[in-house]
1. Cβ under 13 Å from VAL86's Cβ, VAL86 left aside: what net charge do those residues give with Lys, Arg +1 and Asp, Glu -1?
2. First obtain the Kirkwood hydrodynamic radius of the chain from its Cα pairs, then insert it into the Stokes-Einstein equation at 25 °C and 0.890 mPa s, and state the resulting D in µm² per second as a whole number.
3. Specify which residue in the list SER109, GLN96, MET63 is farthest towards the positive end of the charge dipole of the stretch 1-132, using unit charges on the beta carbon of Lys, Arg (+1) and Asp, Glu (-1), about the Cα centre.
4. Just to check I understand the Karplus step: with θ = phi - 60° and J = 6.51 cos²θ - 1.76 cosθ + 1.60, what whole-Hz values come out for the stretch 64-73, glycine and proline as x?
5. Please provide three numbers in whole Å: the alpha-carbon extents of the stretch 18-109 along the principal axes, with the largest listed first.
6. Among ASP150, ASP166, what is the fewest-to-most ranking by other Cβ atoms within 10 Å?
7. Count neighbours as other Cβ atoms within 10 Å of each site's Cβ, and list the trypsin sites (Lys or Arg not before Pro) in the stretch 41-127 that are DSSP loop with at most 15 such neighbours.
8. Just to confirm the filter: which GluC sites (Glu not before Pro) across the stretch 84-162 are DSSP coil and have at most 15 other Cβ within 10 angstrom of their Cβ?
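A short reminder: the numbers here are calculations on the coordinates, not readings from a lab. All values reported here derive from a predicted model rather than from experimental measurement. Cβ: placed from backbone, ideal geometry, glycine included. Neighbour counts: every protein chain shown.
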Amino acid sequence: MSEQPVEQQTAEEEEGRPTPEERREWRLAALQLVRQFPDPALRNPARPVAEVDEDVRRLVDRMLDIMDRAHGVGLAAPQVGVSRRVLVYRPSDEEQPRVLINPELVERSEETETGTEGCLSLLGGELQVPVPRHMRVRVEARDAGGDQVDLEAEGFEARVIQHEIDHLDGVLIFDRAGDQERREALRELRLRA
Ligand SMILES: [Zn+2]
C-alpha cells in the first residue's frame with residue numbers, strides 16, 4: 001500500500017541525511033522494481049512458503065528496502081514478481097516494519113470502514129480508491145525468523161494487512177470498490193498506462 005500523498009515536504013537538509021531530491025530519485029528507482037498493473041504477476045495467487053530459509057529472508061530484506069525507498073507502507077511479494085505468500089508493512093512511522101509469512105486472517109470484525117487506499121502497483125501509488133475493510137482482524141503467520149505470530153490489529157494497521165493479503169490472492173483495490181469507483185479507476189488506469 002502507498003503513503004497518502006504528502007501535501008507539504010518538511011524534510012530538512014541535515015548532514016548525512018538524504019535530500020528531498022535524493023529521496024525522490026530513490027523512490028523512482030524503487031518503483032521501477034515494483035510490478036505495475038496489468039502485469040500478470042499481480043493477478044496470480046501466490047504460493048505458500050514451505051520453509052523460512054535464507055532465500056525467504058533475502059526476499060524479505062529486498063522487499064523492506066524497496067518499500068522504504070518507494071515510501072510505501074506495505075508491500076507483498078507478487079508486487080516484486082515473486083509468487084510467495086510473504087508481505088511486509090509498517091504499522092506507523094514510529095514503529096519497525098513487520099514481516100508476515102503465510103498470513104491467514106483467522107478473525108474479522110463484522111464492522112467495516114471505507115477509507116481511501118493507494119497501491120504502489122497502480123500508477124506508483126497515485127490512484128486513490130475508496131475500499132471497505134474490516135475494522136479489526138486477527139492474523140496468524142510466521143515471522144522472518146520462522147516463529148509463529150498471532151497478531152491483532154485495528155484501524156490503519158488492519159487495513160494495510162488486508163490490502164497486502166489481498167495481493168497474495170491476486171486481488172487489487174479496485175476489485176473491492178463499488179461499481180462506479182471501479183469503472184473510474186479502470187478508466188484512469190487505461191488513460192495513464
Ligand atoms: Zn498494493
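1. Summing Lys/Arg as +1 and Asp/Glu as -1 gives +2.
2. It diffuses with D of about 143 µm²/s by this estimate.
3. Of the listed residues, the answer is MET63.
4. Whole-Hz 3J(HN,Hα) from phi for the stretch 64-73: 4, 5, 5, 4, 5, 5, 7, 6, x, 10.
5. Rounded to whole Å, the extents work out to 41, 32, 32 Å.
6. Ordered by Cβ neighbours within 10 Å, fewest first: ASP150, ASP166.
7. Sites meeting the loop and neighbour criteria: ARG43.
8. GLU94, GLU95, GLU110, GLU111, GLU126
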